[in-house]
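Here's the structure, in structure tokens; my notes come after.
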Amino acid sequence: MAETMKIVAITGDHEASVIEVAKPEPGKGQIRMRVEGCALCTFEQRMFTGVVPVPKPFIGGHEVAGYIDAIGEGLKPENYPIGKRIAARTFYSCGHCYGCRHDEGNLCVNGNEHDKSWMAYPGIGGLEQYMLIEPNMLYFMNDELPLEKACFAEPLACVLNSIEKGQIEIGDDVVVIGGGIMGQLHVMCSKLRGARVIMSEPDEARREIAVKLGADVCINPLECDAVEKVKELTDGNGAAVVFNTTAVAAVAQQAIGMVAKLGRVVMYSSQHPDKPIEVSPNWLHNSEAVITGAVSPSLRSFRRSCDALSKGIIDPEKLVSGVFDIDDAQKAFETAIRPDTFRCIIKM
Ligand SMILES: [Zn+2]
Ligand SMILES: [Zn+2]
């Protein structure tokens, strides 16, 4: 074997291993990224715990930051300077499908169809010291930005896509349901958009973080009727925008109950299980409210996320629960799946 690199693969239920494989060479039009850090999202955590079954070994990792290490034939070094700090959008946009043709690359149905022949095992590829990416997956970042903050490019981009769907106006009441990392990022972004933010979250520690990040009011849905409480806080009207960041069907139902006339409900989280909820067509008719969703980062929101992090407009420092060396990958996963942590980052 010529040059090698380390990768972190999920090799069993609750088992993450460091494996040595061949270092890939960038082909025509490809960029080799030195992945310096990769955060462990719920997606990887579900594979680690076995909730989402995957062929093993499996290489997860999609919240990555690093630098340009080498470029393949056909790319100009002035466009892709070696050593430049970048983040990668690992979800590919094919450019041909319905979603891509509507400029919404996050709705691409071929998101995993790009060349992965260089990968030693199936997966996404971020948990490798080097990964090959296409130019449209690359986003420049500030070289001075600390690595752990740069790793928020993808999760923040997902949230900014959701924020865009919420169309918050200055002075709006916004409810964020759920105080996990995604809920907390929604709080920060909604405040920047000029809203009064109400956080609904049963866990006290998470409510305290939300207040530190700017939430104006926190409610405990286990101690009150959250829908009634939101109505009470908004003169009986409900909130202009409600973001549901939880995977619970009953909460999705609550989200709809909290929204004001002309308001918007954004179903940010995927649902597990995907249980249908009730919506009255007459209520929709009379309220002109909009129920929508937000999935993955759009190309637009990814760029905005990298800009906001690079310029320090959004500082995710309070949401970093640990930075682990690659050889401590098992410990990083075990910490990441604990309910009291936000993001754990593996230094690759
Ligand atoms: Zn993610
Ligand atoms: Zn597509």
- [ ] List, in order, the whole-Hz ³J(HN,Hα) value for each residue of segment 115-120 obtained from phi through the Karplus relation with A = 6.51, B = -1.76, C = 1.60 and θ = phi - 60°; use x for Gly and Pro.
- [x] 5, 10, 5, 7, 7, 6
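Ranked from highest to lowest mean number of other Cβ atoms within 10 Å per residue, what is the order of the peptides 213-223, 155-165?
My ranking of the peptides, most packed first, is 155-165, 213-223.
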Open item on the list: In Å, what Kirkwood hydrodynamic radius results for segment 202-308 from the alpha-carbon pair distances?
Closed with: 15.3
Open item on the list: Going by amide H atoms built from the backbone, whose H comes under 5 Å of the H on MET348, apart from near neighbours?
Closed with: GLY37, CYS38
Open item on the list: Per 0.36 nm of contour for each residue apart, how much would the distance between LEU147 and ASP325 grow if the chain were fully extended, relative to their Cα-Cα spacing?
Closed with: 62.8 nm
Open item on the list: At 1.4 Å probe size, with the rest of the protein present, what percent of the exposed accessible area of segment 157-293 is carbon and sulfur atoms?
Closed with: 51
TODO: Note down the nm distance, to one decimal, between modelled labels 7 Å out along Cα→Cβ at GLN253 and at VAL290.
DONE: 2.7
Open item on the list: Just to verify a number: FRET efficiency for GLU73 and ILE170, C-beta to C-beta distance, R0 = 41 Å, to 0.05?
Closed with: 0.25
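Kindly provide the trypsin sites (Lys or Arg not before Pro) of segment 268-328 that DSSP labels as loop, not H, G, I, E or B, and whose Cβ sees at most 15 other Cβ atoms within 10 Å. Present the calculation step by step, with values, prior to reporting the outcome.
On the way: sites: ARG300, ARG303, ARG304, LYS311, LYS318; in loops: LYS311.
Those that pass, being in a loop and sparsely packed, are LYS311.
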Open item on the list: Could you tell me the relative contact order of the chain? Use alpha-carbon pairs under 8 Å, at least six residues apart, and round to a whole percent.
Closed with: 18
- [ ] Please list the non-local residues whose amide H lies under 5 Å from the amide H of ARG264, H modeled 1.01 Å from N, same-chain partners needing a gap of 5 or more.
- [x] VAL241, VAL242, VAL290
TODO: Treating cross-link reach as a plain straight distance, find the aspartates and glutamates whose alpha-carbon is under 15 Å from the alpha-carbon of LYS231, omitting any fewer than eight places away in the same chain.
DONE: ASP172, ASP173
Task: Over segment 157-293, relative contact order from alpha-carbon pairs under 8 Å, at least 6 apart, % - done: 22
Open item on the list: At 4 °C and a viscosity of 1.567 mPa s, what translational diffusion coefficient does Stokes-Einstein give for the chain, taking Rh as the Kirkwood radius over Cα pairs? Give it in µm²/s as a whole number.
Closed with: 62
Open item on the list: 5 Å is the cut-off here: which amide hydrogens, built 1.01 Å from N in the peptide plane, fall below it relative to GLN30, excluding neighbours closer than 5 in sequence?
Closed with: GLY72, GLU73
Task: Among beta bridges that DSSP assigns inside the chain, antiparallel share in %, nearest 5 - done: 55
Open item on the list: Can you compute the charge dipole magnitude of the chain about its Cα centre, using +1 on each Lys and Arg Cβ and -1 on each Asp and Glu Cβ, nothing else charged? Give it in debye, rounded to the nearest 20.
Closed with: 560
Task: Candidate lysines for bridging to LYS28, where Cα separation is under 17 Å - those fewer than 8 sequence places away on the same chain excluded - done: LYS76, LYS116
TODO: First measure r as the distance between the Cβ atoms of VAL51 and TRP283, then evaluate 1/(1 + (r/R0)^6) with R0 = 35 Å and state the FRET efficiency to the nearest 0.05.
DONE: 0.50
Open item on the list: Students often forget the sequence filter, so: which lysines lie under 30 Å Cα-Cα from LYS229 once same-chain residues fewer than 8 apart are removed?
Closed with: LYS165, LYS191, LYS212, LYS261, LYS275, LYS318
TODO: Counting only heavy atoms of the protein chains, get the accessible area per residue of the chain (1.4 Å probe) and round it to a whole Å² value.
DONE: 44
Open item on the list: Report the Cα centroid-to-centroid distance between segment 103-118 and segment 184-253 in angstrom, as an integer.
Closed with: 34
Open item on the list: Can you give me the distance in nm between label points at ASP115 and ARG338, each placed 7 Å from the Cα along the Cα-to-Cβ direction?
Closed with: 4.2
TODO: Please work out how much length the chain gains when fully extended from ALA2 to ASP274, using 0.36 nm per residue of separation minus the C-alpha to C-alpha distance, in nm with one decimal.
DONE: 93.2 nm
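The values are calculated or read from the model by the stated rules, or taken from the named source; none is laboratory data. Just so you know, these numbers come straight off a predicted model, no measurement behind them. Counting neighbours? That spans all protein chains shown, and the Cβs are built from the backbone with ideal geometry, glycine included. Calculation scope for accessible area: heavy atoms of the full protein, side chains included, ligands and nucleic acids excluded. Shrake-Rupley method; radii C 1.70, N 1.55, O 1.52, S 1.80 Å.
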